[in-house]
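Below: the structure, in structure tokens.
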Amino acid sequence: MALASPAFVPVQTRSERLASTSVTDFPAVTGLEFEWKFIPLARVKHLTEGALDGSPTAFTYSESAGTAVDWIEPSAPVVGTAGVPEDRAAANAWAAVEKVLHISVTGEDAAELVVRRDRFGSTPRAAHVVIEAAPNSKGVVILEHHGSANLTENVEIVVGDNAQLTVVTVQEWDDEALHLSSHFARVGRDANLRHVIVSLGGSVVRVNPSVHLVSQGASIDSFGLYFADAGQYFEQRPYIDHQAANTRSRVNYKGALQGKGAHTVWVGDVLIGPHADGTDSYEQNRNLVLSEGTRADSIPNLEIETGNIQGAGHASSTGRFDDEQLFYLQSRGISEEEARRLVVRGFLAEIINEIGSPALEERLSAAVEAELVQAEAVRASALVQ
Amino acid sequence: MSVLKIEDLHVSVETEQGTKQILRGVDLTIGEGETHAIMGPNGSGKSTLAYAIAGHPKYQVTGGSVQLDGEEMLDKSVDERARAGLFLAMQYPVEIPGVSVSNFLRTAKTALDGEAPPIRSWIKDLDSSMTALRMDRTFRERNVNEGFSGGEKKRHEILQLELLKPKFAVLDETDSGLDVDALKIVSEGVNRAKETTGLGVLLITHYNRILRYVKPDFVHVFVAGRVAEQGGPELAVRLENEGYDRFLTGANVE
Ligand SMILES: Nc1ncnc2c1ncn2[C@@H]1O[C@H](COP(=O)(O)OP(=O)(O)OP(=O)(O)O)[C@@H](O)[C@H]1O
Ligand SMILES: [Mg+2]
């Protein structure tokens, strides 16, 4: 894959960006704003200003030892502790919700919790989720999204001191689904958050995690995997805010694009604040372009406000298949189709293998496999024409 | 008896300066079980010959033929040629991130045989070949060629040669970068393949030392895109001592 050396893009100091729970604090969205610059705004504008149904939407989940799931009031003290909306769609959702879905992990080795959210339907809706990991707890929370959606939401993740939490959000929506999701995480002392975004289905899917490393020794492993087909738009903007000393972040997103109009956006902001001495940070995004007519935007942005860091780096690349890899595989008798599949699967496996849930890893490998078979069929029919 | 027959092969590549002719009429016939060494100066076209036989898309064949048992290989795709029985051990094997050696080998074997190998015998074959090539078991789970040392890459090529059992193999400088022990180990691998499957070998090298282990039946001197002279093993010794000077005078070198 060709390595493009990404331009350093100083947008604005990330910490100075407007943040508010009140939708009227945000001007009406025009599409010129950096946050709204890439998205097909016509498809989602209503979520930034229109009325939203904020009533609780049914979901299903597995009873899992060491975890609890319930609805709480938006006025509960925990709500708003991980972060505050930074865009109009998130603020619109904040005000509209009537109940907040509260997921708590208390066990020192809690069982994996899978929450399946598949009943949103096509009415414009707001949602709010708080995932709270108690100090010293350890657990895996998986949010699975299926069916139709016309949804803007906030997801807060509060990781207590010394806790180890994995949060995976999987978007396998129907083709028409619209989903704008702002994740906010607050990671405590010596705690680790492993955050994984997997977007495979939907029309417009945006998941933007803002991660605040607020105490000494906090760390984040932020992963993303997306596979955009014709007409799909997937966006993710991880923002890592190193506030405290000796914090560590690793950001690794990989995407594949196939088919006319497939569009992905990755904007990776890392802010190393004035008190974040000893920060160790690295972010990368790699995109594999499988056909003509796709677009992958990849923008890393690093701001450093202290001179005393351990390391900070970034990498970004967008490229086609490496012909030498295909030749090598084919020279061993492997057909071109299978060689292409092997290469893409290998490319994405790096992220899947990081998820940390064997069952989910297996299921997602199969889902990626299905995408590949479909992509290959589309490619083959395009060649015939 | 299998035969690989290369006749009047002409090959060019597209460069920024235009089309560049590299092979200018190569003739070579390799019989089953035979070993032919090819030696020649840098840039004379040895790797180009290897790639052209395997079907690398960068190299355009502008004339001639490559036939395996009378069947034209040049009309076939890269994978079809491999399935017909050709193998290329590359001078610079390619890294394939995220694809494990064991997955790669099993996929290749399945593609070549048209069916998955029986699991028990496959594991046994893999184990014994790796042991013979002194490759640690951990290589099975590593990604193809990723982070392999130069010598490890070459052993991995020979591992494939042993497991995939082609009829003819082109070994492009498989001996380069190997220490003496590794050279012996790799040579033994090639000799095992020759003994068990009657493999025919086209061995590209700069050094006589591998030819002490893998005994050539013929030695060809490759200069400016064609075979300039052929002889027996004694020619290799002479080349190593004298260099290629006597071939280069008057040869068409750009
Ligand atoms: N893709 C290419 N683009 C431009 N020139 C090429 C290309 N491939 C080969 N060549 C040129 O063709 C000539 C033959 O190259 P080749 O690699 O076949 O030589 P070789 O005999 O294998 O050399 P060595 O002993 O150094 O491995 C060289 O001059 C090389 O620069
Ligand atoms: Mg060469």
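The values are calculated or read from the model by the stated rules, or taken from the named source; none is laboratory data. Since this is a predicted model, take the numbers as computed values, not measurements. Here the Cβ positions follow ideal geometry from the backbone for every residue, glycine too, while neighbour counts run over all protein chains shown. SASA here: full protein model, heavy atoms, side chains in, ligands and nucleic acids out. Shrake-Rupley method; radii C 1.70, N 1.55, O 1.52, S 1.80 Å.
Looking at the stretch B:1-68, what % of the alpha carbon pairs are farther apart than 13 Å? Write down the numbers at each step before the final one.
Values: 1482 of 2278 pairs.
Counting every Cα pair in the stretch B:1-68, those more than 13 Å apart make up 65 percent.
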- Task: Would you jot down the residues in the stretch B:58-80 that end up with at least 20 Å² less accessible area in the complete protein assembly than in the chain alone, with a 1.4 Å probe?
- Result: B:VAL78, B:ASP79
- Task: Report the label-to-label distance for A:GLU49 and A:ASP70 in nanometres (one decimal), using points 7 Å from each Cα along the Cα→Cβ vector.
- Result: 4.0
- Note on the structure: Under the 7 Å Cα-to-Cβ spin-label approximation, B:VAL180 and A:ALA359 lie apart by a distance in nanometres of 5.9
- Task: Before anything else, pin down the relative contact order of chain A: Cα pairs under 8 Å, at least 6 apart, normalised by residue count, whole percent.
- Result: 12
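Quick check: at a probe of 1.4 Å, how many percent of the accessible area of chain A sits on carbon and sulfur atoms? Please report the intermediate quantities before stating the final value.
Details: 6890 of 13950 Å².
About 49 percent, which is the carbon plus sulfur part of the accessible surface.
How big is the A-B contact in terms of buried accessible area, both chains counted, 1.4 Å probe, rounded to the nearest 100 Å²?
Details: alone 14970 and 12060 Å², together 25110 Å².
Heavy-atom accessible area buried at this interface is about 1900 Å².
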- Ranked output for segments A:243-255, A:53-65 by mean other Cβ atoms within 10 Å, highest leading, reads A:243-255, A:53-65
- Quick one: with all protein chains in place, what share of the accessible area of chain B is carbon or sulfur, to the nearest percent (1.4 Å probe)? 47
- Message: Looking only at chain B, where both bridge partners belong to it, what percent of the DSSP beta bridges are antiparallel (to the nearest 5)?
- Response: 60
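Let a ≥ b ≥ c be the square roots of the eigenvalues of the Cα gyration tensor of the stretch B:61-123; is it rounded (a/c under 1.5), or, if not, prolate (a/b larger than b/c) or oblate? Each step should come with its number before you reach the end.
On the way: a/c = 3.06, a/b = 1.59, b/c = 1.92.
Note, shape of the stretch B:61-123 comes out oblate.
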- Task: Count neighbours as other Cβ atoms within 10 Å of each site's Cβ, and list the GluC sites (Glu not before Pro) in the stretch A:73-166 that are DSSP loop with at most 16 such neighbours.
- Result: A:GLU98, A:GLU108
- Zone residues, the stretch B:45-66, relative to B:ASP75, backbone N less than 18 Å from point 7 Å out along Cα-to-Cβ: B:53-55, B:61-66
- Compactness ratio of the stretch A:281-342: Cα Rg over 2.2 N^0.38 Å, N = residue count? 1.66
- For the stretch B:1-76, what is the accessible area per residue in Å² when the probe is 1.4 Å? 43
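Using a/c under 1.5 as the rounded threshold, could you call the stretch A:211-260 rounded, prolate or oblate? The axes a ≥ b ≥ c are square roots of the C-alpha gyration tensor eigenvalues, and prolate needs a/b larger than b/c, oblate otherwise.
Prolate.
Write down the accessible area per residue of the stretch A:206-344 in Å², having rolled a 1.4 Å probe over the full set of protein chains. Display every interim value, and only then the final one.
Working: 3780 Å² over 139 residues.
Here the per-residue accessible area is 27 Å².
What FRET efficiency do you get for A:GLU63 and B:ILE119 if R0 is 22 Å and r is their Cβ-Cβ distance, rounded to the nearest 0.05? Walk me through the numbers on the way to the answer.
Values: r = 38 Å, r/R0 = 1.74.
Working from the Cβ atoms, E equals 0.05.
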- Message: Over the Cα atoms, compute the radius of gyration (one decimal) and Dmax (the largest Cα-Cα distance, rounded to a whole number) for chain B, in Å.
- Response: 18.0, 58
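Express the relative contact order of the stretch A:199-264 as a whole percentage, based on alpha carbon pairs under 8 Å and six or more residues apart in sequence. Mind showing how you got there, number by number?
Working: 149 pairs, mean separation 27.5, N = 66.
Normalised by residue count, the contact order of the stretch A:199-264 is 42 percent.
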- Task: Would you rank B:ARG238, A:ARG206, B:ARG155 by solvent-accessible area, highest first, keeping every protein chain in place and using a 1.4 Å probe?
- Result: B:ARG238, B:ARG155, A:ARG206
- Global form of chain A, assessed from the alpha-carbon gyration tensor, a/c cut-off 1.5: rounded
- Query: Do you know which residues of the stretch A:316-349 lose at least 30 square angstrom of accessible area in the protein assembly compared with their chain on its own, with a 1.4 angstrom probe?
  - Reply: A:GLU324, A:GLN325, A:PHE327, A:TYR328, A:LEU329, A:GLN330, A:SER331, A:ARG332, A:GLY333, A:ILE334, A:LEU342, A:GLY346
- Message: If you restrict to DSSP beta bridges whose two residues both lie in the protein assembly as shown, what percentage is antiparallel, to the nearest 5?
- Response: 20
